[in-house]
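Where a number appears in this text, it was derived from the coordinates with a stated rule and is not lab data. Model, not experiment: these values are computed from the prediction. When we count neighbours, we look across all protein chains shown, and the Cβ atoms used for this are built from the backbone with ideal geometry, even at glycine.
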Amino acid sequence: MKFARLNALTVWLMTCFITILFTTSEAISANLTPVHLRTEYKQNPVVDVDKPRLSWELTATGRGQLQTAYQILVASSTALLNAEKADLWNSAKVTGNTTNQIEYAGKTLPSRTICYWKVRSWDKSGQPGPWSAVATWEMGLLTKADWSANWIGNDLTTLGKGKTYHLPPAPFFRKEIQLTAPVKKARLYVTSLGLYECQINGKRIGTDYFTPGWTDYNKRVYYQTYDVTANIKTGKNALGAIIADGWYAGYLGYALLVGNPVVKNFYGDVPLLKAQLEVEYTNGKTETIATDQSWKTSHGPILEADILNGETYNANLAFDNWSKPGFNDTNWKSSTVFPDKADRQIEAYPGNPVRAFQELKAKTVTPKSGGHYLFDLGQNFAGVVRLCVKGNKGDTLRLRFGEVLFPNGDIMTENLRKARATDTYILKGDPKGETWTPKFTYHGFQYVDVAGFRSAPGLDAITGIVLTSATPETGTFETDNKLINKLYQNIVWTQRSNYVDVPTDCPQRDERLGWTGDAQAYVQSATFNNDISAFFTKWLVDLNDAQRPDNAYPIYAPAPNVRKTDTYSPGWSEAGIICPYTIYKTYGDTRVIQKFWPNMVAYLKFMEAKSQGTYVYKEGSFAEVSPKGGFGDWLSVGKKTPPDMLATLYFGYAASMMADMAKAIGKPDEATYYTTMFTKIKQAFMAHYADSNGRFKTNSAAYGNGEGYVDGEMGFEGHTQTAYANAIYMNMIAPNLTPKAGNWLVDLIKANDNKLSTGFLGVKPLLPSLSMTGHTNQAYKLLLSTEYPSWGFEVVNGANTIWERWNSYIKGKGFENNAGMNSFNHYAFGSVNEWLFGNAAGIKAEEAGYRTFIIRPELAPEGINAVNASYQSINGTIVSSWKKEGNRVRLNVVVPVNTIATVFIPTTKPESVLESNKALTASPDIRVIGTRDGFLQVTVGSGTYQFSAVI
Ligand code: BGC
């Protein structure tokens, strides 16, 4: 058993459990069965890491079930695996409860190896359960030498020069091949600089969008691997690909808006394709068909294709059957081979591909002036539409996309700023009708305004296709309060709309950047809704690739320089520490720490040097950054919390996370070093920013008239909700002063008419810090408020996603600041999700990866009488569900097999607590620890428990 990974409490608890369970249960097999097998977080993936990590969950009958040992078999064929001949790896029986992050430790795996694996587990009484179902992983192309394909392109940059937007057409490529024998196995390895879609024999390959994903293409590009065995046949076959500018050569961010000297082509001018089809025949021979100059190329119907600006398609120029054998390509020319960049890595895509999540039927279509029609899809989202139309040849439909309507019912598009976000379709006039979906763009919208219909369209003319990175859903959250349920759904939709290859700020305007502040503020919240392990495995590479030469983490990653003055910012840059820490805590992932440790250390050095030996950032410390001080508590209401004060808090928070992470990867000296640093920062922070009563202060005069600072004209104040919330949450206050800080926070909220005043950095810790200091009732008050500013205010004003501003739209009053910044799909304020799951439902990890966890539901004094939440952790599904019934509360809890939960049952009368209607003493599976702060604390092993208690 890997006891080194467990803390002392767990070991003790488990020993107690094993003792109890051995003596109380019969030694019969509980059929401990491993399910949901994953490799590198994914089911049956293609990977290119040397030692892929394996995980499973367990199912069993009965309570208190544990894994005491496991055995993994890995074979090179199912036949061998079925015969239990593990020619690649037989782990043998390994004692221990580990069920995830287990590194493959067998034979070296060359490129292309398919590994078949299964696992079995021994239960608490030492009985082995059945073998799991078989899972696989496949090794990708591990070295550049595996690639015979060239980068090929078709330079069309001289075409498509518009007035404002320079949008060249998308090139098509094709190659006909003759396969000489029946095919046993075929793989297509493909990537592009830009975006690609592949077709074989007239069929689109895969269901992924925006492949190969956004990276710093100067450093690395990802490839996808498709099993195309069923797509090809003996004899003639045709391979095809279309590529587009994408993030590589297209418009990015607000470069155009701010007059940046570069507005597109941040990584290169000409999009390129690299693909190879590897065929294994049944006769054992192999063949590789790779991109080279012999691939024919042309351009046709896709006149424009740009992520921000939209797609234009002329159906009259379509190449019918172009990716089928026999197409006449005599007018197509040879491709141009482009040189590779020696230091650009080519790696297997580690994330979750963007895919269609759902289709949305139009709810209404309304005629508008000028012959326009307005479609309402009923939900704000990120994606595209499918157009189904009939009309005359040459009819042109122009589609504009908007998130919201003006009070007069017209579509609002000012908030798109310079993103043209317009799709155009030119009909060929097919009497049977024609269907079109763009391939290389997406929009953030609920409404589509279409110009150009000849006659009134039906609802089926437009269907919404919701696109998102396919992060598996892991959470459910429901209460008996409609407002809160809607808020939760809005959070989920906003995450869905913004986890699109990278964690973006918004899906609609000319940004869609991986803003680091937004990402760090929301990451913990995101973990509850979806399994973001693979998604962040990918983005953390982007973030570390974007670490600046001065070792600061950037304000967005990937980090094309869309504005010259964009550098770093406290509260944003710490995403480089907070995000890996959250992935470690959530999934027990220490590899992510190991991988980026030198980068994180370098960042802390940068921050330490910046404090010039004082461990505090006094007012004005970041005056060289633009905006001065960084972004601070972005979009807060009222006086500003000094950005330097927040920077000091984040510095301390980062040091404390570094100490934890150093421990987790076995670096005790560095753990001590960062613990000491944390203490120094904490002391220096309190000495400078607090008086002897723990009341926060600042030298606001140091900011002068505030010029150059975000909202500097509002003035600065140390005694703010944001300051206390962060300091409490980050454990930056001396313990004797923490309760006082909680009181100050409550006083400030009360003095503000029971309303919040927090921005991006203040909102995440607000409710958690109230709960931490015993003010849950106040937290619920804020949660349930419908007055500006509050989450409820958005809901009652019609939100179906989370807004960027607390007042993005007010019924009867209209919009705030459209053309500046007014996104209706921005997840930062959705970071309240962390409190919904962590406090209202009360689910919190104890050990990293939820091997041990806490269920400590905090009941609402009023407004909410029931909460049902579930969370599928890497160790299985946890349920916490409570309901008030008269003077009692019912608390139903599900604890996954092989985990231990500390359950806090809210009660004023501990002796009234029952489980399954019996006194606790009647159950050998429940260990009573004692009472604390209005809760009876018990520990339980796996199983379902139905507690009830007088409240
Ligand atoms: C983005 C953000 C981001 C911010 C920086 C905005 O324009 O949309 O969400 O964090 O700039 O303060």
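For the reader, a short list of remarks on this structure follows.
- Bridging of K482 to lysines at a Cα separation below 18 Å is possible for K781, K883, K884, once same-chain residues fewer than 8 apart are set aside.
- Ordering F173, G246, L159 by the projection of their Cα atoms onto the charge dipole of the stretch 137-265, which places +1 on the Cβ of Lys and Arg and -1 on the Cβ of Asp and Glu, puts F173 at the extreme positive end.
- Highest average first, the peptides 152-159, 79-86 ordered by how many other beta carbon atoms sit within 10 Å of their residues are 152-159, 79-86.
- Estimated distance in nm for a label pair at Y788 and K363, the labels positioned 7 Å out from Cα along Cα-to-Cβ: 2.4
- Distant-in-sequence amide H partners of D505 (H built 1.01 Å from N, under 5 Å): R512, L513, W515
- Other-chain or far-sequence residues with amide H under 5 Å of G708's (modelled H): none
- Under the simplified labelling scheme, the T164-F406 pair shows an inter-label distance of 1.7 nm, with each label point 7 Å from Cα along Cα→Cβ.
- Taking a ≥ b ≥ c as the square roots of the eigenvalues of the Cα gyration tensor, an a/c ratio of 1.5 or more together with a/b larger than b/c marks the stretch 341-389 as prolate.
- Distance distribution note for the stretch 89-165: the fraction of Cα pairs above 22 angstrom is 55%.
- Options M821, S148, G704, ranked by Cα towards positive dipole end of the chain, top entry (Cβ charges): S148
- The chain, helix-only ellipticity at 222 nm - DSSP H runs n ≥ 4, -39,500 (n - 2.57), divided by all residues, nearest 500: -6500 deg cm²/dmol
- Counting 0.36 nm for each residue step from L80 to K341 and taking away their Cα separation leaves a gain of 89.8 nm.
- The value obtained for the chain, namely the Cα convex hull volume divided by the number of residues, is 172 Å³ per residue.
- Chain lengthening between E624 and S692 when straightened (0.36 nm per residue, less Cα-Cα): 21.3 nm
- Difference of contour (0.36 nm per residue) and Cα-Cα distance, I665 to R932: 92.8 nm
- As a rough guide to protection, the peptides 715-721, 394-400 ranked by mean Cβ packing within 10 Å, highest first, stand as 715-721, 394-400.
- Rounded to whole Hz, the Karplus (6.51, -1.76, 1.60) HN-Hα couplings of the stretch 742-751, x for glycine and proline: x, 5, 4, 4, 4, 4, 5, 5, 5, 5
- Percent of C-alpha pairs per 5 Å bin, the stretch 195-330, short to long: 2, 8, 16, 19, 19, 15, 10, 6, 3, 1, 1, 0, 0
- Listed residue pairs exceeding 29 Å between alpha carbons, taken from K161/K296; K185/K219; K393/K439: K185/K219
- Prolate/oblate/rounded call for the stretch 861-935, Cα gyration tensor, a/c under 1.5 rounded: oblate
- Taking amide H as placed 1.01 Å from N in the peptide plane, the amide H of T136 sits under 5 Å from that of N44, W117, each at least 5 places away or on another chain.
- With the simple model of a label 7 Å out from the Cα in the direction of the Cβ, N705 to K750 spans 3.9 nm.
- Charge dipole (Cα centre; +1 on Lys/Arg Cβ, -1 on Asp/Glu Cβ; no other charges) of the chain amounts to roughly 1020 debye.
- Dipole axis of the stretch 355-443 (+1 Lys, Arg; -1 Asp, Glu on Cβ), positive-most option in L377, N415, H443: H443
- Counting only residues at least eight positions apart within a chain, or on another chain, the lysines with an alpha carbon under 18 Å from that of K163 are K264, K418.
- Taking trypsin sites (Lys or Arg not before Pro) across the stretch 610-710, none is in a DSSP loop with at most 12 further Cβ atoms lying within 10 angstrom of its Cβ.
- Spread over its residues, the convex hull of the C-alpha atoms of the stretch 287-428 is 216 Å³ per residue.
- Spin-label zone in the stretch 289-332 - amide nitrogen under 12 Å from a point set 7 Å from the Cα of R454 along the C-beta vector: none
- Per-peptide average of other Cβ atoms within 10 Å, ordering 181-190, 103-112 highest first: 181-190, 103-112
- Simple Cβ-charge dipole of the stretch 837-951, Lys/Arg +1 and Asp/Glu -1, about Cα centre, in debye nearest 20: 120
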